[in-house]
Every structure is written in structure tokens, then in C-alpha cells.
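The values are calculated or read from the model by the stated rules, or taken from the named source; none is laboratory data. All values derive from a computational prediction rather than experimental measurement. So basically every Cβ, Gly included, is an ideal-geometry build from the backbone, and we count neighbours across all protein chains shown.
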Amino acid sequence: MAHHSTTYNSASTNATSGSGGTSAGGTTTSSDQNFDYMFKLLIIGNSSVGKTSFLFRYCDDSFTSAFVSTVGIDFKVKTVFRGDKRVKLQIWDTAGQERYRTITTAYYRGAMGFILMYDITNEESFNSVQDWCTQIKTYSWENAQVVLVGNKCDMDDERVVSIERGRQLADQLG
């Protein structure tokens with residue numbers, strides 16, 4: 001699954017410090033408690049934009065074309081390295097349906113960043129980005145970072161949102 005992403009919001013980033021160090025052989029598991037920094041990230045966007053598929057591809061390198069709607073909220077952990085620092089990413093997958101909005105917005109406050117996703121084959125999901133930004137501003141802390149992701153780029157023949165429009169929106173959002 002390919003994706004195009006643009007970062008907006010240039011405020012400084014805070015992180016949670018961990019116990020430090022690396023495990024023998026450099027292997028990592030989701031339960032690994034050795035990390036230098038930990039970031040809580042939320043993936044948000046309309047239903048069916050591919051949030052869960054994106055998360056599974058990134059964390060587990062797996063993909064299924066079957067649609068399974070997220071009920072409420074779920075998360076995965078991925079450890080990455082930035083230079084010699086071990087960074088633990090706790091990535092929360094949120095339900096996009098309106099009926100779960102009060103559940104998912106409760107998780108915004110503790111998030112250090114957001115992956116705001118739209119589907120390049122769905123104009124409505126792109127048009128909803130501004131509403132999602134309003135929710136971020138309303139429910140999260142002031143310096144939360146946001147990455148705008150146009151998802152489903154493997155379906156370019158069905159694209160209705162151009163790369164240029166995605167870039168323009170990212171620039172407009174700051």
C-alpha cells in the first residue's frame with residue numbers, strides 16, 4: 001500500500017523517555033520495554049479510508065483487502081531507530097464512524113501526533129479533512145504534530161483527489 005504524506009504544524013515535539021538501551025542482537029518485540037522515547041500517535045479520518053490497513057502494513061507488513069470496520073479504538077506498537085535512539089511508537093487506530101466520535105476524541109488529549117488520513121479515491125473523505133483538523137484543535141494539546149496522508153495510492157486509476165490538491169491542503173493547514 002503506497003501513500004503520499006505531508007507534514008503540517010511545525011511546533012516542537014515532546015516525547016516520553018523510556019528505560020533506554022537496546023536488546024541483544026537489536027531485535028524488537030511489541031512488549032519490549034527498552035526505549036529512549038515513546039510517542040503516542042492517533043490515526044484519524046473518515047470510515048473506510050484505510051486507517052487499519054495502513055497500520056497493519058506499517059507495523060506487521062501485512063495486508064488484507066477485506067474490509068473490517070474498527071469498533072471504537074485499537075492500537076499497535078512499532079519500535080524504530082532514529083540514529084542511535086530507540087523510539088517506541090504506540091499507534092492508535094480509531095473508528096471513523098460518527099457514532100464512535102465521543103469515544104475516540106477522549107484519546108486525543110494524550111496524543112503527541114496525528115496521522116490524518118483521506119482516501120485519494122473518495123472526494124468526501126478529502127473534504128472532511130478540515131473537520132478532522134477542527135477536532136484535533138478542540139480535543140488535543142496545543143503542540144500536537146499532524147501528518148496528512150493521502151491513502152490508497154495503489155488505486156491511482158481511480159484517483160479523484162490530485163497530489164497537487166493534497167499538497168495545497170497541507171500547505172493551507174500550515
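Could you list, in sequence order, all residues of the range 123-160 that are in contact with a His (Cβ under 7 Å, 6 or more places away or on another chain) and of a type in the set (S, T, N, Q)? Asn151 - this is the single residue of the range 123-160 that is in contact with a His (Cβ under 7 Å, 6 or more places away or on another chain) and of a type in the set (S, T, N, Q).
Determine if the range 33-53 includes at least one residue that is exposed (fewer than 12 other Cβ atoms within 10 Å of the Cβ) and at pLDDT below 80.
Here is the first cut: in the range 33-53, the ones exposed (fewer than 12 other Cβ atoms within 10 Å of the Cβ) are 33.
After this cut, where a residue has to be at pLDDT below 80 as well, the list is 33.
Among the residues of the range 33-53, at least one is exposed (fewer than 12 other Cβ atoms within 10 Å of the Cβ) and at pLDDT below 80, which makes the answer yes.
Every condition in (1) touching a strand residue (DSSP E or B) at 6+ places or on another chain (Cβ under 6 Å); (2) over 23 Å from Ser53 (Cα atoms); (3) not aromatic (Phe, Trp, Tyr) is met by Val129 except one, and the failing one is (2). For the range 123-149, a residue qualifies if it is of a type in the set (Val, Ile, Thr), touching a helix residue (DSSP H, G or I) at 6+ places or on another chain (Cβ under 7 Å) and either assigned to a helix (DSSP H, G or I) or more than 16 Å from Ala170 (Cα to Cα) (or both), and exactly one does: Val129.
Residues in the range 155-167 that are in a helix (DSSP H, G or I) and either in contact with a helix residue (DSSP H, G or I) (Cβ under 8 Å, 6 or more places away or on another chain) or loosely packed, with under 12 Cβ neighbours inside 10 Å (or both): Asp156, Asp157, Glu158, Glu164, Arg165, Gly166. When you scan the range 163-173, do you find a residue that is touching a Lys or Arg at 6+ places or on another chain (Cβ under 6 Å) and under 17 Å from Leu42 (Cβ atoms), even just one? Within the range 163-173, not a single residue is touching a Lys or Arg at 6+ places or on another chain (Cβ under 6 Å) and under 17 Å from Leu42 (Cβ atoms). Could you go through the range 110-123 and let me know if any residue there is within 17 Å of Gly50 (Cβ to Cβ), modelled with pLDDT of 95 or more and surrounded by fewer than 13 Cβ atoms within 10 Å (Cβ to Cβ). Within the range 110-123 (the criterion being within 17 Å of Gly50 (Cβ to Cβ), modelled with pLDDT of 95 or more and surrounded by fewer than 13 Cβ atoms within 10 Å (Cβ to Cβ)), the answer is no, since none of the residues qualifies.
On inspection, Gln90 qualifies as touching a Phe, Trp or Tyr at 6+ places or on another chain (Cβ under 9 Å), touching a residue at least 12 places away in the same chain (Cβ under 8 Å) and polar (S, T, N, Q).
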